[in-house]
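Visitor: Let me give you the structure first, and then I'll get to my questions.
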Amino acid sequence: MIKIENLVKRYGGNYALDDISFTVNEGEIVGFLGPNGAGKSTTMNILTGFLSSTSGTVTINGIDILEEPKKAKELIGFLPEQPPLYLDMTVEEYLNFVYDLKGCKLNRYKHLREVCEVVKITDVYKRLIRNLSKGYRQRVGIAQALIGNPKIIIFDEPTVGLDPKQIIEIRNLIRTLGRDHTVILSTHILPEVQAVCDRIVVINNGKIIADEKTEDITRAVQNNRRFNVKICGPKKEVLAMLKAKTGIVYAEELAERDGDATTYMIESEPGVDIRKNLFYTLAEKGWPLIGLEGVGMNLEDIFISLIDNGGEDNRRKRSRQQKSRIQISEEGGDN
Ligand code: ADP
């Protein structure tokens, strides 16, 4: 359905995209994942005909986006990172405007009503966009993408700036749309693609570094062996116990404190689930365990674990993790 071949985009001497290729099949929901600055928006903008490439080709259903842009664009609905909304229009005025702009031939009243029902904005149809919440504005943005019934929908960072409830609603909506559309979801948030997508294409520094089924990447995340444990007890002795404990290959004290508790990062041996055993040891010692939390892997770690389970130096892994800017958990900002 979508074929990207050897795409290059250069700004001066800098390569925003350095020879990327991937395909998206009909009916798939594909996550396009990468840290900020990786080249996601550039790819989406080329894919949707907003930007030209330095070299390479993009075809939509066999139609070249540069050679027959109008025909190719008819197949695509696009929600850019900044939805193109006119705040002084009502939802009704805006959607009618988009309908005319796209030269839509479907029954105007029926089509707009259906689109509003799908994205659940019927109740704000007569309201000024300026007065809508960010969640509703995002829905209006999705509605404009759906006008004309395009087969493909492309979302660029659709949940940035939304509150947790709105995020869940928008993700559910994307999943619903994925039932009868081909979807590309571009984001820097790993749980977002895990929640919504069948396949994940990972981009970093303008290069594709992974193209995997979501379940394979999820498995790699679940095999995580690193935990932050919060323990009340004498710091030096606790740390010495953790370092000496069978099944733990690495332990260090973190700066975080919570009352009389200290947080330690531990890493267990491959294939060892250390949690219960650690609990019993701490109970025996009389050192209460008040927190235990898995530490996510960054995309690079996940990628490495997908292609190579070999023993890499843990310190290097951790230092890379601190540098990662892909969001690997729902809480907080970029890692
Ligand atoms: P992402 O969407 O993954 O955050 P972008 O596609 O926006 O990344 O950017 C990829 C790279 O291209 C970045 O290094 C960015 O600074 C650079 N870039 C994007 N647009 C321009 C531009 N108009 N001029 C120069 N550099 C640009």
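Visitor: Contact order normalised by length for the chain, with contacts defined as Cα pairs under 8 Å and 6 or more residues apart; what percent is it?
Guide: That works out to 19 percent.
Visitor: With springs only between Cα atoms under 10 Å apart, run a GNM on the chain and tell me which of Ile60, Ile76, Ile290 wobbles the most.
Guide: For the chain, modelled as a Gaussian network with Cα springs under 10 Å, the answer is Ile290.
Visitor: What is the local net charge at Gly135, summed over the other residues whose Cβ is closer than 14 Å to its Cβ (Lys, Arg +1; Asp, Glu -1)?
Guide: Working: positive: Lys120, Arg127, Lys134, Arg137, Arg139, Lys165, Arg171; negative: Asp123, Asp163, Glu169.
It works out to a net charge of +4.
Visitor: Hey, what number do you get for the chain at 222 nm if only DSSP H runs of n ≥ 4 count, each worth -39500 (n - 2.57), divided across all residues, to the nearest 500?
Guide: Numbers: 12 runs with 119 residues, N = 335.
After summing the helix terms and dividing by the residues of the chain, the value is -10500 deg cm²/dmol.
Visitor: Using per-residue counts of other Cβ atoms within 10 Å, averaged over each peptide, order 5-18, 179-192 from highest down. Don't jump to the answer; show the numbers that get you there.
Guide: Values: 5-18: 15.0, 179-192: 21.6.
Order by mean packing, descending: 179-192, 5-18.
Visitor: Quick query: amide H of Tyr250 versus all other amide H atoms, modeled in the peptide plane; which residues come in under 5 Å with a sequence gap of 5 or more or a different chain?
Guide: Residues meeting the criterion, in which the H sits 1.01 Å from N, are Glu267.
Visitor: Looking only at Ser41, Ser53, Ser133, which one moves most when the chain is put into a Gaussian network model with springs between Cα atoms under 10 Å?
Guide: Result: Ser133 has the largest fluctuation of those listed.
Visitor: Right, something else. Please order Val272, Val140, Val58 by the number of other Cβ within 10 Å, starting at the fewest. Please list the in-between numbers first.
Guide: Numbers: Val272 13, Val140 23, Val58 20.
Exposure proxy ranking, most exposed first: Val272, Val58, Val140.
Visitor: Also, quick follow-up: Give the long-range amide H neighbours of Gly56: residues separated by 5 or more places, or on another chain, with amide H under 5 Å away, using H modelled in the peptide plane at 1.01 Å from N.
Guide: Val8
Visitor: Continuing with this model, one more query. Please report the spacing between the Cα centers of the stretch 169-194 and the stretch 268-298 in Å, no decimals.
Guide: Answer, in whole Å: 34.
Visitor: Could I ask something else about it? Amide H of Gly233: which non-local residues (sequence gap of 5 or more, or other chain) have their own amide H closer than 5 Å, using H built in the peptide plane?
Guide: Amide H neighbours of Gly233, under 5 Å, 5+ apart: Thr262.
Visitor: In whole angstrom, how far apart do the alpha carbon centroids of the stretch 94-152 and the stretch 1-76 sit?
Guide: Measuring centre to centre over Cα atoms gives 25 Å.
Visitor: In the chain, what percentage of the DSSP-assigned beta bridges are antiparallel, given to the nearest 5?
Guide: Expressed as a percentage, antiparallel bridges in the chain total about 70.
Visitor: Determine the gain in length on full extension of the stretch Leu128-Ile168; use 0.36 nm per residue of separation and subtract their C-alpha separation, reporting nm with one decimal.
Guide: 12.0 nm
Visitor: Please name which of Val30, Tyr250, Ile76 has its Cα lying farthest along the dipole of the chain towards the positive end, using unit charges on Cβ (Lys, Arg +1; Asp, Glu -1) and the Cα centre as origin.
Guide: Among Val30, Tyr250, Ile76, the one farthest towards the positive end of the dipole of the chain is Ile76.
Visitor: Can you put Leu292, Leu75 in order of Cβ neighbours within 10 angstrom, beginning with the fewest?
Guide: Details: Leu292 15, Leu75 18.
The fewest-first ordering by Cβ neighbours comes to Leu292, Leu75.
Since every read-out is calculated from the coordinates, none of them should be taken as a lab result. The structure displayed is predicted, hence computed values, not measured ones. Reconstructed Cβ throughout: ideal geometry from the backbone, glycine too, with neighbour counts over all protein chains shown.
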